[in-house]
Amino acid sequence: MDVAGFLAQFPPFDELPADVVERVAGAVRVERYAASETILQQGGEPAHALCVVRNGAVELLDDDVRLDVLGEGEVFGQLSLLTEERPSLTVRAYEDTECYLIPAEVAEELLATELGRGFVLGSLRRRIHVLAEHVHNEALGVRYRTVGSLVRRAPVTCPEDTSLADAAALMATEHVSSLLIPMRSAWGIVTDRDLRTKVVAARLDVDGPVGSVATFPVRTMPADAMAGEVLLEMFASDVHHIPVVGEEGALLGIVTDTDLMWLGRHTPFSLRSAIERAPSREEAIEAAAALPQVVVGLVEASADPVAVGHVVALVIDALTIRLLRLGMEELGQPGVPWAWVALGSAARHEQALRTDQDHALAFDFGEHPSDEVGASLGELAEFVTSGLEAAGIPRCKGDAMAVNPSLRRSVADWKKAFDRWMDDAGRGGSILTSIVFDYRQVAGPLEIEPAFDGAIRNARARGSFLHHLARRALDATPPTGFFREFVVDRGEHAGTLDVKRRGITIVGSLARVHAVRAGITHARTVDRLRACADSGELRASDAQDLEEAFRFLWEVRLRHQAEQVRAGEAADDFIDPARLGPVARRGLREAFRVVRRAQQGLAAEFGIRAASL
């Protein structure tokens, strides 16, 4: 196979046009290294070429401790090459190895593209995972097992026309809690819980087909997924069984939440269960106190950082719902249909260990005076808000909470408020950016999402409001001086960088304005970016760059907060760059560059002059 054909199989070259790959291939120099020969030395000369393993393998070493081994098609040297800094790790031939070396001038042109920047950010984030695994390996070893290694037996299956009685008998005989069922060229699943709730409780005829109560299609996970990632998927999807597939989709078996309990007693499942079972307000609050340890465990298990934010939000949802139920037991049921609505980062499922409350109430007052209904719901709002506060989730400094009478409205009043705020994109408009476009119903019988979705679709036609949203996305800027030296905050948190305000929040604001302009109703930042790419609102490469930057910043944020929890400190978002390793510092530089470029592009689109950009 020629050089171009080989490169075209692997990232980032696999997404390049054929003529570009040919040009890169034409500049390649072939180098061969004997086993144990050093290619790049930690702290030595910067890389002068982008290196691709053609045959053999290379190992990455930190003070002679092997962290990783790269094989055919994998790339190294990009970080040192781009930054012209000394390598942060030693790269040594693991065996006799042949490499393609792409000269600096060609490689730098390639890596400066949107595709190249996304590739570099992804490399940096994966490198942080590798380093974190090394640091915690002795204490946590098993946390890094792949889910494929946990499969203990082949799956038990049965045809979809098997009777419910025979299916239950098969589960008993095989001592399993689930059956996989081939259905319509995919897989369905029936669990023992399904038999209890869908068959026994509903008094179904046990001679009926098992396929009639199967969940279809079932979510699967690849065998090389990490255990922590699978645990998050189960928790977020509220399932207890995940089929595992190998190469080409071959079914290997099933893992259950019980299989993953060795991750520690502090798991999302056990925490949510403890909150839901709490018989009193005090005990629910006490159960929620385990949330920081759950997050630490997930961070140490190298779970997807954005997914960890999802878990935090779901746990807070569980506490909110429990407090609502306990509050209604004490104060009485609301006399009207109602909905508890999460706002801001809570609505986006993007909450870390430092988070505050953002919520509202909507109701249908029917024949009752609206003011009276709003006032009566105020007691319930205070019961929940004070309970969340006691659990360590402080009240919103901006009073964006259901205890604020202006955030307890009838659906009709919410619609009027939306129109008023969009027409007057001043202070009200700023409030709206956290209410209408970042919302999610948490509890209550009143369906409010159609009305809220309608507001988003109407907002795209309001040019002045879109302009206002764009300005809000430019309010804060990344620490651009950070690229050459550490330009940090002053005052109370002198010497640190606020990674949330100056990075994560900006990406969220950029995603919001693009989503609103495209009429997209998704709330989560990653979903918005992907939907904007699909709709053509954003170039796919720009959306991918922002997503990688967003994930990287979340990674740094959560690892910082996990370290604080382990040290017995209160979690915050203020990171001391001097305490970061070279890989994380380089990653921050690149993530901030991506955010800054996106802001510059938005400013140009809306004709906004921003001197700081």
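Residue-by-condition table, conditions (1) assigned to a loop (DSSP other than H, G, I, E, B); (2) under 26 Å from residue 440 (Cα atoms); (3) without any contact (Cβ under 8 Å) to a residue 60 or more places away in the chain:
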| residue | (1), (2), (3) |
| --- | --- |
| 527 | no, yes, yes |
| 546 | no, yes, yes |
| 550 | no, yes, no |
| 560 | no, no, no |
| 569 | yes, no, yes |
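Before we move on, is residue 395 touching a residue at least 24 places away in the same chain (Cβ under 8 Å), buried (at least 20 other Cβ atoms within 10 Å of the Cβ) and among the charged types (D, E, K, R)?
Working: touching a residue at least 24 places away in the same chain (Cβ under 8 Å): yes; buried (at least 20 other Cβ atoms within 10 Å of the Cβ): no; among the charged types (D, E, K, R): yes.
Answer is no for this residue.
Counting only residues that are open to solvent by 10 Å² or more (accessible area, probe 1.4 Å) and either at positive phi or among the aliphatic types (A, V, I, L, M) (or both), the stretch 505-520 holds 3 of them. Candidates 262, 187: the one that is of a type in the set (Phe, Trp, Tyr), open to solvent by 30 Å² or more (accessible area, probe 1.4 Å), within 27 Å of the chain's Cα centre (by Cα) and modelled with pLDDT of 90 or more is 187. Every condition in (1) at pLDDT 85 or above; (2) out of contact with any strand residue (DSSP E or B) (no Cβ under 9 Å at 6 or more places or on another chain); (3) part of a helix (DSSP H, G or I); (4) open to solvent by 40 Å² or more (accessible area, probe 1.4 Å) is met by residue 248 except one, and the failing one is (1). Within the stretch 307-355, the residues that satisfy the criterion of being under 20 Å from residue 552 (Cβ atoms) and either more than 15 Å from the chain's Cα centre (by Cα) or open to solvent by 10 Å² or more (accessible area, probe 1.4 Å) (or both) are 307, 310, 345, 348, 349, 350, 353, 354, 355.
When you scan the stretch 193-222, how many residues do you find that are assigned to a helix (DSSP H, G or I), open to solvent by 60 Å² or more (accessible area, probe 1.4 Å) and of a type in the set (D, E, K, R)?
Let us first name the residues in the stretch 193-222 that are assigned to a helix (DSSP H, G or I), namely 193-200, 210-213.
Those still in the list that are open to solvent by 60 Å² or more (accessible area, probe 1.4 Å) too: 193, 196-198, 200, 212.
Next cut, of a type in the set (D, E, K, R) only: 193, 196, 198.
Counting residues in the stretch 193-222 that are assigned to a helix (DSSP H, G or I), open to solvent by 60 Å² or more (accessible area, probe 1.4 Å) and of a type in the set (D, E, K, R) gives 3.
Do we find a residue being assigned to a helix (DSSP H, G or I), surrounded by 18 or more Cβ atoms within 10 Å (Cβ to Cβ) and at pLDDT 90 or above anywhere in the stretch 479-490?
no
Name the residue that is modelled with the lowest pLDDT, counting only residues in the stretch 594-611 that are in a loop (DSSP other than H, G, I, E, B) and open to solvent by less than 70 Å² (accessible area, probe 1.4 Å). Per the stated criteria, the residue is 610.
For residues in the stretch 423-458 being hydrophobic (A, V, I, L, M, F, W, C) and at pLDDT 80 or above, which is surrounded by the fewest Cβ atoms within 10 Å (Cβ to Cβ)? Working first, answer last.
Pass one, the stretch 423-458, residues hydrophobic (A, V, I, L, M, F, W, C): 425, 431-432, 435-437, 442-443, 446, 448, 451-452, 455-456.
Filter again for at pLDDT 80 or above, leaving 442-443, 446, 448, 451-452.
Working: 442: 18, 443: 17, 446: 19, 448: 22, 451: 15, 452: 23.
Residue satisfying both the conditions and the ranking: 451.
Total residues in the stretch 1-26 satisfying the condition of being open to solvent by 30 Å² or more (accessible area, probe 1.4 Å) and not in a helix (DSSP H, G or I): the figure is 8. Under the condition of being under 31 Å from the mean Cα position of the chain (by Cα), under 14 Å from residue 100 (Cβ atoms) and open to solvent by 30 Å² or more (accessible area, probe 1.4 Å), the residues counted in the stretch 35-70 number 0.
Give 318, 303 a once-over and let me know the one that is touching a helix residue (DSSP H, G or I) at 6+ places or on another chain (Cβ under 6 Å) and either farther than 20 Å from residue 275 by Cβ or assigned to a loop (DSSP other than H, G, I, E, B) (or both).
Numbers: 318 fails: either farther than 20 Å from residue 275 by Cβ or assigned to a loop (DSSP other than H, G, I, E, B) (or both).
Exactly one residue qualifies, and that residue is 303.
The values are calculated or read from the model by the stated rules, or taken from the named source; none is laboratory data. In this text the structure is predicted, and so the values were computed from the model without any measurement. Ideal geometry is used to build each Cβ from the backbone, glycine not excepted, and the neighbour counts take in all protein chains shown. Surface accessibility is based on the protein's heavy atoms, side chains included, excluding ligands, DNA and RNA. Shrake-Rupley method; radii C 1.70, N 1.55, O 1.52, S 1.80 Å.
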